[in-house]
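Student: Encoded as structure tokens, here's the structure I'll be asking about.
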Amino acid sequence: MKIGDIEILPANDGEGKLPSGYMPSLDWDKHAALLDSEGNFPIALGCFVIKTAGQNILVDAGLGPVTFPPFRGGDLPSNLAAAGVTPDEIDMVLITHLHVDHIGWLVQEEKPFFPKATIRFGEKDLDQFIRAENPDVFAKPVIDVLDPTGRIETVAGDDSVAPGVNVLQTPGHTLGHISVVVSSGEERAFLLGDAVGCPAQLENAEWAAMSDIDQALSSRTREALYKEMEQDGSVAVASHFPDLEFGRVLRANGKRYFSV
Ligand SMILES: [Zn+2]
């Protein structure tokens with residue numbers, strides 16, 4: 001995908017599937033095409049490479065080279081190579097949130113896997129995952145390795161992080177969840193992380209995921225995102241949309257839908 005001079009390349013780390021009950025209020029009868037024969041919906045473990053002004057920015061770091069059935073990661077390095085970058089050419093990693101399927105490659109064998117990269121994520125995810133009474137068992141060891149390197153820089157607001165690349169606070173799935181907005185001229189692309197988990201959620205912003213830590217907040221965040229995206233025909237994709245294809249928010253019969 002080209003947004004002006006900026007290139008965005010999907011780099012999938014693997015695959016998984018979720019039971020339809022993961023989105024309990026979603027009207028699956030109308031969206032049965034998204035389900036497999038067993039009633040689960042297949043997902044990608046999507047990461048993205050943004051190439052802007054001589055910088056390589058990775059958005060999310062997948063599950064890593066592990067299998068937690070039905071989730072399997074491990075493909076990110078080969079897909080980075082396909083995108084023309086090596087791990088030591090990544091200048092910045094933007095982590096949409098600190099869930100296990102987004103931080104998997106940050107640390108391998110107790111060392112940073114992207115040795116030159118600054119790691120950036122929403123400040124409030126530290127409260128949820130690290131400073132909590134019971135720190136997250138996956139995120140804590142990763143942060144413990146990265147913190148002493150001095151390369152973690154959290155983002156507390158809606159900040160510009162590179163030419164044409166902005167971070168937008170989109171809380172609800174986690175407290176510090178961020179989305180990434182790439183813009184050049186009149187064009188914009190949204191990388192939504194897990195603010196939206198499934199394309200069917202475009203129909204109703206109140207359809208939340210079981211894993212949204214604050215479902216009312218995630219619903220408000222989705223509504224605000226949809227309004228923003230449909231305004232000017234921005235393209236968007238989320239981490240777990242099955243084919244990691246960019247689409248637009250369109251309307252028919254008064255309802256929004258996602259059109260690739
Ligand atoms: Zn996720």
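The values are calculated or read from the model by the stated rules, or taken from the named source; none is laboratory data. Computed from a predicted model, the values in this text were never measured in an experiment. With ideal geometry, Cβ positions are generated from the backbone for all residues, glycine too; neighbour counts draw on all protein chains shown. These area figures cover heavy atoms from the full protein model, side chains too; ligands, DNA and RNA do not enter into them. Shrake-Rupley method; radii C 1.70, N 1.55, O 1.52, S 1.80 Å.
Student: Loop-only GluC sites (Glu not before Pro) in the range 164-251, please: DSSP not H, G, I, E or B, and at most 12 other Cβ atoms within 10 Å.
Tutor: Answer in residue order: 186.
Student: Could you work out what % of the accessible surface of the range 50-115 is carbon and sulfur, using a 1.4 angstrom probe and leaving DNA, RNA and ligands out of the count?
Tutor: That fraction is 55 percent.
Student: Follow-up question, since we're still on this one. Which loop-located GluC sites (Glu not before Pro) does the range 1-103 contain, where loop means any DSSP state but H, G, I, E or B and the Cβ has at most 12 other Cβ atoms within 10 Å?
Tutor: Answer in residue order: 38.
Student: Using only the alpha carbon atoms of the chain, find the Kirkwood hydrodynamic radius as the inverse mean reciprocal pair distance, in angstroms to one decimal.
Tutor: Taking the inverse mean of 1/r over all distinct Cα pairs, the chain comes out at 18.3 Å.
Student: Quick check: at a probe of 1.4 Å, how many percent of the accessible area of the range 130-260 sits on carbon and sulfur atoms?
Tutor: Looking at the range 130-260 in its full context, I get 47 percent from C and S.
Student: How much area per residue is accessible in the chain when the probe is 1.4 Å and only protein heavy atoms are counted (Å²)?
Tutor: Value for the chain: 43 Å² per residue.
Student: Can you run phi through the Karplus equation (6.51, -1.76, 1.60; θ = phi - 60°) for the range 100-112 and list ³J(HN,Hα) in whole Hz, with x for Gly and Pro?
Tutor: With the stated coefficients, the range 100-112 comes to 4, 7, 10, 10, x, 9, 4, 10, 10, 6, 6, 10, x Hz.
Student: Here's another thing I want to ask about it. Consider a paramagnetic label point 7 Å from the Cα of residue 223 along Cα→Cβ; state which residues of the range 230-252 have an amide N under 17 Å from it.
Tutor: What the label zone holds, given the 17 Å backbone N cut-off, is 230-231.
Student: Cα centroids of the range 91-115 and the range 178-203: how far apart, whole angstrom?
Tutor: 21 Å
Student: So which trypsin sites (Lys or Arg not before Pro) in the range 105-184 end up in coil per DSSP with only 13 or fewer other C-beta atoms within 10 Å?
Tutor: Here the sparse-neighbourhood loop sites are 116, 131.
Student: Near residue 255, which lysines are there with a Cα under 20 Å away, not counting those fewer than 8 places off in the same chain?
Tutor: Excluding near neighbours in sequence, the set is 30, 227.
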